[in-house]
Amino acid sequence: MTHTFADPGLTVPDSFCVNNICVKGPTIRAEPPLGKSQTFSVQDAARLIVHCPKGRSWENILLDAQGRTLCRFGLTEKNGAVFLQYLLNQGVPFFRPDGQPLEIVHSADAASGLRFTLPLRHTAPVGMWIGLGLGLGLVLLLVGVPVTAMLSGSHIERNLAIVLGTALLSIAVPWACALVKGQLFPPVLMLDGERVWVIRGLGRRELLLEEMDCCRFQRSDECYVLYDKRGRPVIKFSTRDDFGPQLMDFLTSHNIRLCSGK
């Protein structure tokens, strides 16, 4: 390998995390599963070694001037590509394990403007629905079935069938509703230049900014909810997440106003 790819269109936030590595401005803190955690400045990084250990995927090793390992990360990890671009922006040179420098090849499809992905929160209380359904189902199974068996007399089979059916429906219906509404798995927002996409499961749709009205802050979970002009919640996100502040800045720069909470 004589080169590695970089994406200059990839947005690097002021702070982000890559697995057990947290970056905040020029400061990097690495907390490996085994070994002592350490905090250092990006200026302490003398070079990045890119290599592929036998039987493993590509791994990046950040070294100081004395050749000591500062941290390790993979490009496929969450924000791995962001960290790679961050180090490139900071002027850290890239090398092969044999000491030969790596040529930086910029991705040909790098877009202008912001580019990032942001995990979103559920706009509906999916977890509460599933929890309540599961709780009701367990109560019916653990309490309803014995009570029904003792009190039903000659109609025990019919009554037990009703109780069991109700219990199974209580457990299954919230899951089915969440799946139908696309709320079973947390959605993901992808910003690419001036276009915004929301990915739910296997589906993807574009979020049209001209149809959006305002963002409202929810104090209960410290998240923002974006509403359309019909007053319907469209997405929910937190500015505490990586790229959350960048999304808020993007929305406000496109005339999406902040409105008071309910």
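The values are calculated or read from the model by the stated rules, or taken from the named source; none is laboratory data. Since the structure is predicted, the reported quantities are computational estimates derived from the model, not experimental observations. Backbone-built Cβ (ideal geometry, glycine too); neighbour counts: all protein chains shown. Keep in mind that these areas ignore ligands, DNA and RNA; they rest on the heavy atoms of the full protein, side chains included. Shrake-Rupley method; radii C 1.70, N 1.55, O 1.52, S 1.80 Å.
The trypsin sites (Lys or Arg not before Pro) of the stretch 199-246 that meet both conditions, a loop assignment by DSSP and at most 16 other Cβ atoms within 10 Å of the site Cβ, are Arg219, Lys229, Arg230, Arg240. The solvent-accessible area of Asp192, taken with every protein chain present and a 1.4 Å probe, is close to 60 Å². Solvent-accessible area of Leu247, all protein chains in place: 0 Å² (probe radius 1.4 Å, heavy atoms, ligands and nucleic acids excluded). In this structure, the pairs whose alpha-carbon distance is over 31 Å, taken from Lys36/Lys78; Lys24/Lys236; Lys24/Lys229, are Lys24/Lys229. Residues Thr39, Thr148 ordered from highest to lowest accessible area at a 1.4 Å probe: Thr39, Thr148.
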